[in-house]
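Every number here is computed from the coordinates shown, using simple stated rules; none is lab data. Fair warning: this is a prediction, and the values are worked out from it, not measured in the lab. Note that we place each Cβ from the backbone using ideal geometry, even for glycine, and neighbour counts take in every protein chain shown.
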Amino acid sequence: MQNAQQGMILGGDLYFDFLTAAGASTGFDLAGNANKLVPKVETETLENKLNGRDTLGQTGDSYTRITSSTISFTMNRYNPRIVAAFFMGSAVDITAASGAYTATITGILDKWVDIGHLDLATCVVKDETDTTTYVEGTDFEVNTRLGLLKVISATIDGDELHISGNKAASTGFKITGATSPIINVGLYLDGKNYIGGGDVKLRVWQAQIRAEGDFDLLAQGGFPELSFAGTMITPNGKSWPFEMT
């Protein structure tokens, strides 16, 4: 930070280092766009009250002690890893090449049944002997994205159906929620003060974060935000939990 007295209007990139269970670094990455970042030192004041004839209610001694160091932040753009952190889970790479699939289900009239495969490029439905091929739109409907099949012909309601075809190539991540109750991150803010143009850096060695509030997946009133709060931890070898320069 600069020496001169001045106000502060910051813009900055917030880098995340998702630490292992042992506290080891996995490398910093921009996890999205942070539009709020609040480091805070929590305190508690102990007061020794006087009870004398002329001093009733006054303070004889006062001591303020630090009870915790906390941090909160929100993200209005986010990558899968920070979304997974919000849901206390993990982001798993699901990149897969295209290829053939087969499945066997029991058809249910006017109900969707899970085939067990996603992103279907083609879908062929046959009877249990593989001699009769059924017609899409007449005998069944298929949701290729979700891999769901619905029987719409009463003649095959309850029948065993053999399904085959090809799956499209897929890329992206799968988020497994509620699998990581403890999420520790290192934080590094690469900031710029637009009052004067100087650099402002915030380094948090380790923060144990948790989700705050809701994340409305169907929000229509604007871009939903991910809100986090956590405790900053002073790791071995350090004498303070964060520093700002």
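In order along the range 39-48, the phi-based Karplus estimate (6.51 cos²θ - 1.76 cosθ + 1.60, θ = phi - 60°) of 3J(HN,Hα) comes to x, 8, 9, 8, 9, 9, 9, 9, 10, 9 Hz; Gly and Pro are listed as x.
Normalised by the number of residues in the range 99-170, the mean separation of alpha-carbon contacts (under 8 Å, six or more apart) gives a relative contact order of 50 percent. Residue order for S25, S239, fewest other beta carbons within 10 angstrom first, comes to S239, S25. For R81, R203, R65, the sequence from fewest to most other C-beta atoms within 10 Å is R65, R203, R81. Each Cα pair under 8 Å and six or more residues apart adds its separation to the average, and for the range 1-127 the resulting relative contact order is 18 percent.
Residues whose amide H lies under 5 Å from that of A121, counting only those 5 or more places away or on a different chain, are N166, K167, A168; hydrogens are built 1.01 Å from N in the peptide plane.
Whole-Hz Karplus values for the range 90-98 come out as 10, 10, 10, 5, 10, 4, 8, 7, 5 Hz, taken residue by residue from phi with 6.51 cos²θ - 1.76 cosθ + 1.60 and θ = phi - 60°; glycine and proline positions read x. Matching the structure-derived Kirkwood radius over Cα pairs in Å against the labelled list (i) 22.0; (ii) 23.1; (iii) 20.4 gives the label (ii). For the chain, relative contact order (Cα pairs under 8 Å, six or more residues apart, normalised by length) works out to 24 percent. Taking the fewest neighbouring Cβ atoms within 10 Å as the starting point, the ordered list for W240, W112 is W240, W112. The alpha carbons of the range 8-49 give a radius of gyration and a Dmax of 17.0, 51 Å, in that order. Once backbone amide H atoms are built at 1.01 Å from N, L19 has N184, V185, G186 as its partners under 5 Å, excluding neighbours fewer than 5 places away on the same chain. Can you give the helix-only mean residue ellipticity at 222 nm for the chain, where every DSSP H stretch with n ≥ 4 adds -39500 (n - 2.57) and the sum goes over all residues, rounded to the nearest 500 deg cm²/dmol? About -500 deg cm²/dmol.
The distance from the alpha carbon centre of the range 83-161 to that of the range 4-78 is 51 Å, rounded to a whole number. Converting phi to 3J(HN,Hα) with the Karplus coefficients 6.51, -1.76 and 1.60 and the offset θ = phi - 60°, the range 139-148 yields 9, 7, 10, 9, 9, 5, 5, 8, x, 10 Hz in sequence order, with x at every glycine or proline.
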